[in-house]
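Input: a single structure, listed below in structure tokens.
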Amino acid sequence: MGVTDPAGPVMDRDEVDRALARLGAEHEAIETSLLALQDHAGRRLLEGAELTGTTRERWTTADASITLLWAYFDAYTDALRSAREIRARRRWSSREDLVELTELLRGDSVTVAGSATATANAPTLLSAAGRLSERFSLVTLVDRMNELYATSLDMVVTADAVWSALPARIDLLAAELQRTRKLAHSVGVRPGEHPAGDDLERITRTLTRLREDVVSDPLGFWVPAQGSSAPGGGRPDTTVYDREAQALEEVRREIDAVLTVRQDAEARLIRLRDVLSRADRTLAEARTARGEVLAKIAATEVPVVSGPPTALQEQLATAAEYRRTAQWHRLSPLLESLEQKAEDELLRARESLTAVTAPLAVRAELRGRLDAYKAKVARHGLAEDPFLIERYDAARRMLWSAPCDLRVAEQAVLRYQQAAAEALAAPRVPQQSGPEDRRGEQ
């Protein structure tokens, strides 16, 4: 929209003609802008909507502003028409005509009559409260129209931007929500039975309320751009929408996990039974080994072996029942818990077997050490040494008798080792009656 020149002295014919040409161009620009505003989709939506909140307040003012805009434009049109008629009286305008044109084009010659409703809804638009008409110069009138147009257009463009962006996105998310609800229901994820079901109900309520609020009060979901004076400068506020979209995505991932459980539940149950069976067999082996240790090893403490974990077996049976009745939302966390507990139980069983058989391992180590030293003594030609034979036989009787006292047997093996080490370190006396025997030397 245009801006006219300030007032001045009596205009000559050329100045009048130039002013009329400029005013004509401004008239066309103003008319084009007003018609575009009148036909704007956002304005038509605002007229037919049940508005609330900030939008209702601002639309009341904007609607009054648009009404005044047309009143100003009509007055502007009438003034321009009058000026053109005066100029058209004569080819060469008289002094009286030029004075009249100067007053019309530059003076406060335009009277605008506004409705009581319009002025009541837009009290700042007229300089005096309660006045139903006001006089303007064409310059002031154009400035006033520019001001009203900018504020009205900003309101209309802002509401239209929110309506164009958010409701459609909310509808798409709502459609995705419905698909997710159906999928959740198929795997047993229902409100009151699973947290994800409760989340879906909350998201549904929030989206329904959000769409109603956006439709009735779009300006409540607008973030103005900092430092921008252009109409519609800013962006729709999608904070609530984004939060619910993220919440729905998290529910989708949880339901996908439940679907995965449904697909591989049987295989996981089979693996669980196998792990628990191995743990039971290991514990049984540990109990058998404990009896053997108690019978063969004396003067030692053997840890008690616990029985199979009945609680895990009961939980495994519950998991199988969940699978049979398609309670996938309950089966999923139970399987995860059972898998960890089953691995822990197998590890405990193996540790128990290791602890129980430790005395047998110690006896086997002592037996191996005794035989290794006997072989070493034999390689050095001392196999027939009576003292070493005596020490060896004493240690062997202890290690191969039941019950075996490991502490006493270990001392016997150490004595044999010491005797063998002393014998191997002593100087050898060669025999006089025959050739020197060097088989034991390395």
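Within region 239-261, residues that are surrounded by 12 or more Cβ atoms within 10 Å (Cβ to Cβ) and of a type in the set (K, R) have Cβ atoms under 7 Å from residues that are part of a helix (DSSP H, G or I) and at pLDDT 90 or above in these pairs: R252/T180, counting only partners at least 6 apart in sequence or on another chain. In this structure, S133 qualifies as exposed (fewer than 15 other Cβ atoms within 10 Å of the Cβ), in contact with a strand residue (DSSP E or B) (Cβ under 9 Å, 6 or more places away or on another chain) and at pLDDT below 90. S306 falls short on exactly one of the conditions (1) farther than 30 Å from V362 by Cβ; (2) out of contact with any Lys or Arg (no Cβ under 8 Å at 6 or more places or on another chain), and that condition is (1). For region 169-206, which residues satisfy the criterion of being among the hydrophobic types (A, V, I, L, M, F, W, C) and either modelled with pLDDT under 90 or open to solvent by less than 10 Å² (accessible area, probe 1.4 Å) (or both)? Answer for region 169-206, where residues must be among the hydrophobic types (A, V, I, L, M, F, W, C) and either modelled with pLDDT under 90 or open to solvent by less than 10 Å² (accessible area, probe 1.4 Å) (or both): I170, L177, L183, A184, V187, V189, A196, L200, I203.
Contact map, region 212-223: residues that are surrounded by fewer than 15 Cβ atoms within 10 Å (Cβ to Cβ) paired with residues that are assigned to a helix (DSSP H, G or I) and not small (G, A, S), Cβ distance under 7 Å, separation 6+ or inter-chain. Pairs shown: G220/T54; G220/T55; G220/D213. Across region 210-249, the qualifying residues are those that are touching a Phe, Trp or Tyr at 6+ places or on another chain (Cβ under 9 Å) and of a type in the set (D, E), and the one among them that is nearest to L183 (Cα to Cα) is D213. Sub-9 Å Cβ pairs linking a first residue in region 79-97 that is within 14 Å of D12 (Cβ to Cβ) to a second residue that is of a type in the set (G, A, S) and surrounded by 10 or more Cβ atoms within 10 Å (Cβ to Cβ), at least 6 apart or interchain, are R87/S93, ordered by first then second residue. None of E314, E285, E292 is in a helix (DSSP H, G or I) and closer than 20 Å to R407 by Cα except E292.
All of (1) open to solvent by less than 60 Å² (accessible area, probe 1.4 Å); (2) β-branched (V, I, T); (3) under 27 Å from L105 (Cα atoms) hold for T67 with one exception: (1). Looking only at region 33-42, decide whether some residue is at pLDDT 90 or above, open to solvent by 70 Å² or more (accessible area, probe 1.4 Å) and of a type outside the set (V, I, T). Within region 33-42, one or more residues are at pLDDT 90 or above, open to solvent by 70 Å² or more (accessible area, probe 1.4 Å) and of a type outside the set (V, I, T).
Would region 336-347 turn up any residue that is in contact (Cβ under 8 Å) with a residue 40 or more places away in the chain, within 30 Å of D198 (Cβ to Cβ) and aliphatic (A, V, I, L, M)? Yes, region 336-347 contains a residue that is in contact (Cβ under 8 Å) with a residue 40 or more places away in the chain, within 30 Å of D198 (Cβ to Cβ) and aliphatic (A, V, I, L, M). When we screen A326, A378, A295 for residues that are small (G, A, S), open to solvent by less than 50 Å² (accessible area, probe 1.4 Å) and more than 18 Å from R281 (Cβ to Cβ), the only hit is A326.
For A29, are the conditions met, namely being exposed (fewer than 14 other Cβ atoms within 10 Å of the Cβ) and within 15 Å of L141 (Cα to Cα)? For A29, the condition - exposed (fewer than 14 other Cβ atoms within 10 Å of the Cβ) and within 15 Å of L141 (Cα to Cα) - is met.
Candidates are the residues of region 302-316 that are within 30 Å of E292 (Cα to Cα) and without any contact (Cβ under 8 Å) to a residue 40 or more places away in the chain; the one that is most open to solvent (accessible area, probe 1.4 Å) is V304.
Here's the yes/no breakdown for (1) among the basic types (K, R); (2) open to solvent by less than 50 Å² (accessible area, probe 1.4 Å); (3) free of Cβ contacts under 8 Å to residues at least 24 places away in the same chain:
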| position | (1), (2), (3) |
| --- | --- |
| T318 | no, no, yes |
| L334 | no, yes, yes |
| S352 | no, yes, no |
| L360 | no, yes, no |
| L370 | no, yes, no |
| L406 | no, yes, no |
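The C-beta contact set for region 266-286 (first residue touching a residue at least 24 places away in the same chain (Cβ under 8 Å), second residue crowded, with 18+ Cβ neighbours inside 10 Å and not hydrophobic (A, V, I, L, M, F, W, C), distance under 6 angstrom, 6+ apart or interchain) comprises A279/E345; A286/S352.
All of S228, S152 fail the test of being among the hydroxyl-bearing types (S, T, Y), at pLDDT below 95, closer than 21 Å to E57 by Cα and not in a strand (DSSP E or B), apart from S152.
On the stretch given as region 155-168, residues that are buried (at least 17 other Cβ atoms within 10 Å of the Cβ) and within 12 Å of A41 (Cα to Cα) total 7.
The values are calculated or read from the model by the stated rules, or taken from the named source; none is laboratory data. Keep in mind that what you see is a predicted model, and the values were worked out from it rather than measured. Here the Cβ is made from the backbone with ideal geometry for all residues, glycine too, and neighbour counts use every protein chain on show. Accessible surface areas use protein heavy atoms only, side chains included; no ligands, DNA or RNA. Shrake-Rupley method; radii C 1.70, N 1.55, O 1.52, S 1.80 Å.
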